[in-house]
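A short write-up of the structure that comes next.
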Amino acid sequence: MRVVSGIQPTGKPHLGNYLGAIVNYVKLQDEAQAAGGECFIFLADLHAISQPHDPAELTQNTREMVATLVACGVDPSKTILFNQAQVPAHAEMQWLLNGTARMGWLNRMTQWKDKAGKNREGQSVALFTYPVLQAADVLLYQATHVPVGEDQKQHLELARDIAQKFNTDFCPPNEDGSDAPLFTLPEPYIPPAAARIMSLRDGTSKMSKSDPSEMSRISLTDDADTVMKKVKKAKTDPEPLPSEEAGLEGRAEAKNLVGIYSALTGQSVGQVLAEHGGQGFGAFKPALGEVLVETLRPINERFMELKDDLEALDAILARGAAQAREHGLPTLDATYKALGLVRG
Ligand code: TYM
């Protein structure tokens with residue numbers, strides 16, 4: 001079992017990142033350990049430069065993201081925690097895979113279409129080739145499980161397509177006729193209840209670091225007052241909660257808040273509605289706020305302890321990067337070789 005996933009150190013991580021991905025980093029790091037496998041979690045800082053950014057902010061966000069991940073339970077003694085920039089094999093592997101990825105595949109990526117909008121010509125080349133780097137990230141380590149939110153599913157399908165085409169084009173069968181693929185096809189690992197946490201201001205758009213409104217998201221480092229205020233101001237409709245799941249259809253905001261409550265408490269949506277059905281939001285919102293505050297309190301405390309010890313945070317990344325470099329080497333070498341590139 002090889003668990004691999006990444007998170008961009010842009011802005012503050014939010015509840016969508018937590019419920020969609022980070023919770024599963026922690027769960028799968030333990031499962032990988034129990035199965036004698038490995039877990040790799042990295043900060044996708046090379047992805048972060050695909051859009052306009054402030055270099056000083058990127059440096060600060062990178063360290064804060066390490067502190068946040070550790071505060072959430074990613075344990076550097078169980079997980080290889082690092083940033084891409086310290087493991088050149090990611091960028092090398094991307095170049096090697098650029099020969100296999102097709103323009104048409106990248107053109108179909110919804111994230112590219114959303115982010116580029118009508119101004120494709122004005123985008124960086126990195127934004128377009130972003131998914132090839134993401135494929136390199138997971139294929140380099142022969143990932144089997146990739147914990148992500150729903151929005152990354154298409155990128156992982158692309159990684160599988162690239163792996164499959166490379167295996168077909170450059171990996172001849174063994175002498176006995178059996179297949180000798182170089183790359184493992186990675187499987188996305190998406191949480192059923194929290195695959196897509198929506199904005200608190202608009203139940204039809206994803207909770208996102210890039211939303212200009214702070215009120216649209218709960219940041220993992222928000223204090224209790226801020227959390228309560230954001231939940232209280234969250235957009236809702238005037239109807240009370242239904243007592244059955246079907247009653248949430250067409251009520252995007254209500255569905256989102258109930259989904260968050262369900263993911264945080266581990267109760268099914270049906271159980272949450274059995275308990276809270278008939279309540280108006282005046283009663284449900286404080287209950288949700290409290291569950292959120294209780295979840296975030298220990299994360300906040302730990303984050304505050306860790307965030308200023310830059311030496312310790314940098315040491316975690318340096319140690320993780322050294323391990324990642326070693327683990328990535330055999331596949332990187334094999335990829336150069338499969339392509340017929342001479343390297344002394
Ligand atoms: P990023 O940094 O946007 O998000 C990190 C993780 O959080 C998940 N996520 C969400 N889940 C549920 N609801 C939401 N509203 C929500 N918003 C974000 C994302 O799905 C992701 O799992 N391209 C990736 C980073 C990356 C990566 C990789 C991931 C680079 N290389 C290799 C997996 C494997 C990204 O920008 O995630």
So, V231, is that one open to solvent by less than 10 Å² (accessible area, probe 1.4 Å) and without any contact (Cβ under 8 Å) to a residue 40 or more places away in the chain or not?
no
So how many residues does segment 191-201 have that are near the ligand (Cβ under 9 Å from one of its atoms) and under 18 Å from F281 (Cβ atoms)?
3
Say we look at segment 143-161 and pick out the residues that are of a type in the set (D, E) and within 11 Å of the ligand (Cβ to nearest atom); which of these is most open to solvent (accessible area, probe 1.4 Å)?
E150
Entirely in segment 1-83, the helices (runs of 4 or more DSSP H) that have 1 or more residues that are among the aromatic types (F, W, Y):
23-34
Among residues of segment 202-221, those that are surrounded by fewer than 18 Cβ atoms within 10 Å (Cβ to Cβ) and either in a helix (DSSP H, G or I) or away from the ligand (no atom under 11 Å from the Cβ) (or both), counted:
6
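Yes or no, residue by residue, for (1) at pLDDT 95 or above; (2) outside any helix (DSSP H, G or I); (3) among the hydroxyl-bearing types (S, T, Y); (4) closer than 21 Å to D161 by Cβ:
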position: M93; (1), (2), (3), (4): yes, no, no, yes
position: L97; (1), (2), (3), (4): yes, no, no, yes
position: T100; (1), (2), (3), (4): yes, yes, yes, yes
position: G104; (1), (2), (3), (4): yes, no, no, yes
position: Q111; (1), (2), (3), (4): yes, no, no, yes
position: E121; (1), (2), (3), (4): yes, no, no, no
position: A126; (1), (2), (3), (4): yes, no, no, yes
position: T129; (1), (2), (3), (4): yes, no, yes, yes
position: V132; (1), (2), (3), (4): yes, no, no, yes
Of the residues in segment 222-238, how many are closer than 18 Å to A194 by Cβ and not in a loop (DSSP other than H, G, I, E, B)?
3
Name the residue, out of A35, A67, A44, that is over 15 Å from the mean Cα position of the chain (by Cα) and either within 17 Å of V146 (Cβ to Cβ) or basic (K, R) (or both).
A35
Working only within segment 110-142, note down all residues that are under 16 Å from S50 (Cα atoms), of a type outside the set (D, E, K, R), buried (at least 19 other Cβ atoms within 10 Å of the Cβ) and within 11 Å of the ligand (Cβ to nearest atom).
Y130, P131, V132, L133, Q134, A135, A136
Tell me, please, whether a residue that is closer than 30 Å to Q267 by Cβ, open to solvent by less than 70 Å² (accessible area, probe 1.4 Å) and not in a loop (DSSP other than H, G, I, E, B) can be found in segment 162-185.
no
Would you be able to say whether some residue in segment 54-76 is open to solvent by 10 Å² or more (accessible area, probe 1.4 Å) and within 29 Å of N167 (Cα to Cα)?
no
Could you list, ordered by first residue, the pairs with Cβ atoms under 8 Å in which the first is in segment 1-27 and farther than 21 Å from I49 by Cβ and open to solvent by 30 Å² or more (accessible area, probe 1.4 Å) and the second is of a type in the set (D, E, K, R) and part of a helix (DSSP H, G or I), at least 6 apart or interchain?
M1/E31
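The values are calculated or read from the model by the stated rules, or taken from the named source; none is laboratory data. Computed from a predicted model, the values in this text were never measured in an experiment. Quick reminder, even Gly has a Cβ in these numbers, built from the backbone with ideal geometry, and neighbours come from all protein chains shown. To get the accessible areas, we keep the full protein, side chains included, count just its heavy atoms, and leave off ligands, DNA and RNA. Shrake-Rupley method; radii C 1.70, N 1.55, O 1.52, S 1.80 Å.
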